[in-house]
Amino acid sequence: MDVGCSVATPTSLLLSSALLSSVTSNSSNYCSRRVSILHVNGWNSLAVRRVAPLNPSCKVSMSTNIKTSGTEIRQSYSEEFHDSGEFSIMGLSPLDGRYAQKTKNLRPFFSEYGLIRFRVMIEIKWLLKLSEIPEIKEVSELGEDARSFLKVIVDNFSIKDALEVKKIEEKTNHDVKAIEYFLKQKCKSCSELAEVLEFFHFACTSEDINNLAYAVSLKEALNNVILPVMIELCKTISNLAKENANIPMLSRTHGQPASPTTLGKEMANFAVRLGNQGKIISGVRILGKFAGAVGNYNAHKVAYPNINWPSIAEEFVTSLGIGFNPYVTQIEPHDYIANLFNAVIQFNNILIDFDRDIWSYISLGYFKQITKPGEVGSSTMPHKVNPIDFENSEGNLCLANAVLSALAMKLPISRMQRDLTDSTVLRNMGVGLGHSLLAYSSTLRGIGKLQVNKSRLHEDLELTWEVLAEPIQTVMRRYGVPEPYEKLKDFTRGRAITKDSIRDFIKNLELPDKAKSELLELTPHLYVGEAEQLAKDVDHAMDLISGFRLQ
């Protein structure tokens, strides 16, 4: 039997797993586009590259290309991603409009193109798995040509391919069934695969394909896009802590002057909190199911009663790099997604706290913002340099948490063995994570503009000698002076406390000369406890060497 398989893509485009593959796709109704995909850890992984317009008739930015053997090869790009200005300005969501450039790296994972591609990958891998099961004699182990044919379909999956799937869906009114029909059409030209076309989607319910596609895309989006930016945030704030470890700063509790700290220590607090939350996110186990219509392998068992289908399903799911959930209905119950998004929400909450504190410190003059030539702070007040990056971050974190919270609350709830309410909701994962990514980038950009105003920090401390009331009454307690708190309360409340007045108070205390001398040497600038050392030790309190990564 001739098992040779021919594909539209030249064999010269079959690249190794570490290389970039490019495919040109054309449609009479759409601009010509190329999808460039970087394959990592084999052909089941998708890293971020670009969708670039090639057709000169499209009113979009152009890249320089050369032609070799009828295939267009990228020669150079001026930027990572070219987008149609017309499309962006008409986008309903600012993530695909105003902020498209800043969230583009999530498109390969959470766009409809990305979802279709991951579904195709799952369907193909399931056929390959079936071919390796000896009991299924109707699907003998596929030869190298057939495997290469299938690999090219995934590696070179194009915009044109996705549009073909959408065209089929117009007739089927079923998105996953459209994938099955697309693959059957695609594989007819391969004689070996033509004999086993009906084993595409064998014993599967749509959710078997969907839940795995979402699980893999979610894991890869987090590992390749979201978590690296979270790590960068933690490192940047940690550096801010170490660089300013010894700069004293007036604390404020309830908005009122309180015991001094250092600027670095307050930054260290956030770095450690974010780092701890990043580890919690990394600890969430991504899960998948592959148990058929209601989770019992009903159809599997009837077709091949002697196969251990739960074991086969576990092997298949774990081969995708995700954990296996054996107890499910028609759907994987999405509890892990709720846990994951709740963990991301808490990371975002901590960052909101950071954004608001930095905003307040800018307002107090503790930070100046480095200006950029040509930028306008206010349309009417020329002097203003507004903390817009931290405000933008806070606003987007609010939106992100609203979407992620809705997902976390809704997804684990499904009537009986399933309803379809999760289907439309799952398509919004990229929205919640997109606003998160946008916020992280805004905070990082804002931090890059900060310049510590040491003179303003010094001035505030010099005007608040009353903060020494705490150490004075504490030393008085040590040496048995009666009612120390009450004495300091009477001395400080409602009065303007100066360096001279507080020193006069100390001199009149019945304390040992050594204790009195030490108190007289104390200033608000020196009264920072272990704050400096805590700030310097921030890296020991957070493990960023191993980073954040979903396993």
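The values are calculated or read from the model by the stated rules, or taken from the named source; none is laboratory data. These numbers come from a predicted model, not from an experiment. Cβ sites come from the backbone with ideal geometry, for glycine too, and all protein chains shown count toward neighbours. Remember, those area values only see protein heavy atoms, side chains included, never the ligands or the DNA or RNA. Shrake-Rupley method; radii C 1.70, N 1.55, O 1.52, S 1.80 Å.
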Legend entry - Heavy-atom accessible area ranking, 1.4 Å probe, most first, across Asp208, Asp335: Asp335, Asp208
Inset, instruction - For the stretch 160-205 and the stretch 106-126, compute the distance between their C-alpha centroids and round to whole Å. - result: 14 Å
Inset, instruction - Could you order His201, His458 by accessible surface area, starting with the largest, using a probe radius of 1.4 Å? - result: His458, His201
Legend entry - Where labels lie 7 Å past Cα in the beta-carbon direction, separation of Gln533 and Ser319 in nm: 5.7 nm
Legend entry - DSSP-assigned coil residues among trypsin sites (Lys or Arg not before Pro) in the stretch 254-348, each with at most 15 further Cβ atoms within 10 Å: Arg285
Inset, instruction - Go ahead and run the numbers for FRET between Arg285 and His458, Cβ-Cβ distance against an R0 of 35 Å, rounding to 0.05. - result: 0.10
Inset, instruction - Return the loop-located trypsin sites (Lys or Arg not before Pro) in the stretch 420-485 (DSSP other than H, G, I, E, B) with at most 16 other Cβ atoms within 10 Å of their own Cβ; answer none if there are none. - result: Arg427
Legend entry - Accessible surface of Met409 - all protein chains present, 1.4 Å probe, nearest 10 Å²: 130 Å²
Legend entry - Accessible-area ranking of Tyr527, Tyr366, Tyr485, Tyr214, largest first, probe 1.4 Å: Tyr485, Tyr527, Tyr214, Tyr366
Legend entry - Quotient of C-alpha Rg and 2.2 N^0.38 Å, computed over the stretch 149-238: 1.46
Inset, instruction - For Ile133 and Tyr327, compute 0.36 nm times the residue count separating them, minus their Cα-Cα distance, and round to one decimal in nm. - result: 67.5 nm
Inset, instruction - Within the stretch 429-493, report the GluC sites (Glu not before Pro) that DSSP leaves as loop and that have at most 13 other Cβ atoms within 10 Å. - result: none
Inset, instruction - Could you work out the local net charge near Ser148, counting Lys and Arg as +1, Asp and Glu as -1, over the other residues with Cβ closer than 12 Å to its Cβ? - result: -2
Inset, instruction - Would you kindly state how much longer the chain becomes between Asp513 and Tyr485 on full extension, computed as 0.36 nm times their sequence separation minus their alpha carbon distance, in nm to one decimal? - result: 8.0 nm
Inset, instruction - Would you mind checking the pairs Lys279/Lys410; Lys487/Lys536; Lys137/Lys160 and listing those with alpha carbons more than 32 angstrom apart? - result: Lys487/Lys536; Lys137/Lys160
Inset, instruction - Would you mind pulling out the separation of the Cα centroids of the stretch 475-541 and the stretch 425-439, in Å? - result: 50 Å
Inset, instruction - Could you rank the peptides 411-417, 159-165, 537-543 by their average count of other C-beta atoms within 10 Å per residue, with the highest value first? - result: 159-165, 537-543, 411-417
Inset, instruction - Based on a Kirkwood Rh over C-alpha pairs, give the Stokes-Einstein translational diffusion coefficient of the stretch 134-177 at 10 °C and viscosity 1.306 mPa s in µm²/s. - result: 125 µm²/s
Legend entry - Pairwise FRET efficiency - Phe199 versus Met416, Cβ, R0 = 22 Å, nearest 0.05: 0.15
Legend entry - Greater than 25 Å apart at Cα, pairs in Lys104/Lys235; Lys242/Lys454; Lys102/Lys166: Lys102/Lys166
Inset, instruction - Name the long-range amide H neighbours of Met249: under 5 Å, sequence gap of 5 or more, or other chain; modelled H, no Pro or chain starts. - result: Thr261, Thr262, Leu263
Legend entry - Carbon/sulfur fraction of accessible area - the stretch 287-410, other protein chains in place, 1.4 Å, %: 56 percent
